[in-house]
Amino acid sequence: MRPLSTIYSDDGIEATPLLLDGDDNEDTVDDTEGQTPLERSYNTTPLPKMQIFLLCWMRVSEPLSFNVIYPFINEMLVSVGITNPGYSSGLIDGVFAFAQLWTAYYFGSLSDRIGRKPVLLIGLSGAAIFTGLFGFSTSLAMILFFRMLVGAFGGNSAILKSAIAELTDETNQGRAFSLIILSWSIGGAIAPLMGGFLARPAERFPAIFGTFPLFIKFPYLLACMAGAGTTLLGAFAGYLFLNEPRTTSAYPTNLDHENTSPLFQGAPDTSQHLSAKEIMQDMIIRRVIMSYIFMAAITASVNALFVLWLFTPVTKGGIGFTTAEIGLALSWLGISGTFVNLIVFPPLQRKMGTITIYRACFVMQTIIVMLFPTIRLIALAECGISEPRIADEVVPSSPGMVTKATVGLMVLLKSFGGMIFACNMILVNSASPSRSNLGAVNGLALTIASLIRACAPTIATIFFALSNDPKYHLLDGQFTWIYMLGLAVGGVLTSLRVQEGRSRSDVVHRRRSSSL
């Protein structure tokens with residue numbers, strides 16, 4: 001099995017892996033030299049099914065702790081004395097991302113030193129414990145404190161990406177990463193159901209829980225315990241059956257890129273662990289992370305605005321969907337997104353290449369942004385309003401079938417545009433100068449992305465409010481979409497500077513620099 005970090009030439013065709021073991025710098029010939037990505041796609045390496053399954057199980061477990069609180073969090077805030085939970089609910093997400101910002105790089109770098117498995121177990125266990133304790137919160141300070149600690153242990157995404165990179169090669173990595181994304185989607189769908197069903201059990205199921213003083217005093221504890229328990233179950237399965245990916249891969253780890261010849265398996269690890277400063281000095285990594293910043297900003301902003309825009313009345317900048325219509329749109333988004341990641345992305349990635357899909361997804365984000373004001377114009381016309389306006393009154397009629405059909409088109413574009421996440425995972429991994437720095441590179445990238453995700457949705461929704469407030473009405477209500485279009489175009493431009501993998505010249509340059 002060829003490693004993910006196989007060297008690519010400048011034209012994107014796989015070149016012969018460099019063998020930098022000694023001073024003669026001899027090359028080992030790869031049997032795929034000269035083949036196109038389409039030709040190589042027919043020689044797909046089988047996935048290590050058991051290990052990938054365990055990593056997917058652990059990935060499903062994460063959002064069960066992270067997202068279980070969302071159905072009841074506003075109600076919980078009211079129960080602790082917060083009269084207007086809107087501001088505080090945003091703060092809860094903010095402290096989660098802020099804590100993740102400070103720990104993601106550390107855990108990623110730690111996994112390079114002590115292994116992926118122990119750090120994955122630490123992250124899952126910590127998130128589970130503090131999610132359980134979250135259920136005992138009786139004040140806003142306790143809610144924020146425990147949520148922050150859950151976020152502090154929420155950096156497993158970077159470790160999982162590194163583990164996947166060490167268990168796959170360029171022929172099967174697309175399928176593996178799509179399974180990881182699918183696993184998050186499954187956990188993210190189960191968690192709200194769990195939280196909503198198990199909140200206030202003494203009231204909802206008095207025959208079963210009505211005699212338990214603990215669940216009467218702490219009405220959200222059972223839901224938190226359920227999320228924590230399932231997360232611990234994933235950690236326990238990993239503890240028993242997951243092999244250390246860095247050992248399982250059996251690839252030697254040198255400063256450059258590993259070759260898969262059995263002759264060199266087990267060679268001593270001559271690589272060096274790079275600091276965050278040294279990682280950011282690498283031009284290839286810096287370009288990938290710059291593109292990652294725009295990806296995080298535009299996707300987080302679009303996701304935050306989408307539901308708000310659907311719900312907001314037509315005369316106030318949205319399209320005035322009902323709650324049922326919003327639920328249907330989100331359900332369709334989840335179903336179509338699952339189909340794209342599971343069925344469409346893996347073969348498409350093998351045939352077209354990661355970077356091509358990545359850039360196309362940024363173009364899709366641009367189209368999605370332009371659809372927001374376009375669909376609103378259609379909704380205005382269907383509601384009988386001749387010109388765009390911001391008014392206090394709510395139009396009683398709802399948008400018609402044309403509006404709903406164009407929203408369906410937007411949802412479909414969002415589903416295909418969601419392939420950008422799997423592409424980004426692959427590009428970050430392939431930019432790493434060596435396997436021994438995979439965790440640090442992923443951790444640093446996640447740290448920067450966490451900072452962006454902590455700010456971008458809030459900024460976007462504030463701009464939406466200012467654009468559609470009659471007092472301000474910024475740029476005739478279009479300021480939000482101009483700002484979003486700027487983010488999307490910036491993402492397209494930065495993606496053009498990203499390369500897939502590291503060329504021979506990149507590896508030789510890094511080796512020479514490190515020897516000085």
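Data for the structure
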item: Solvent accessible area, Å² - Arg497, 1.4 Å probe, full protein context; result: 140
item: In Å², nearest 10: area of Val340 left accessible to a 1.4 Å probe; result: 0
item: Backbone N under 17 Å from the Phe197 label point (7 Å along Cα→Cβ), restricted to the range 169-190; result: 186-190
item: Computed lengthening from Thr211 to Asp476, 0.36 nm per intervening residue step minus Cα-Cα distance; result: 89.6 nm
item: Probe 1.4 Å, all protein chains present, accessible-area order of Glu170, Glu278, largest first; result: Glu278, Glu170
item: Additional length obtainable on full extension of the chain from Leu240 to Phe145, 0.36 nm per residue less Cα span; result: 31.1 nm
item: All lysines inside 26 Å of Lys414 as judged from Cα atoms, apart from same-chain residues fewer than 8 positions distant; result: Lys161, Lys316, Lys351, Lys404
item: Centre separation in Å (Cα based) which lies between the range 409-437 and the range 162-188; result: 10
item: Solvent-accessible surface ranking, highest first, for Tyr483, Tyr292, Tyr239 at 1.4 angstrom; result: Tyr239, Tyr483, Tyr292
item: Most to least accessible of Leu427, Leu496 (protein chains only, probe 1.4 Å); result: Leu496, Leu427
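The values are calculated or read from the model by the stated rules, or taken from the named source; none is laboratory data. Quick caveat, the model's predicted, so the values are computed rather than measured. Ideal geometry is used to build each Cβ from the backbone, glycine not excepted, and the neighbour counts take in all protein chains shown. Each accessible area value is taken on the protein alone, full model and side chains, heavy atoms only, with ligands, DNA and RNA left out. Shrake-Rupley method; radii C 1.70, N 1.55, O 1.52, S 1.80 Å.
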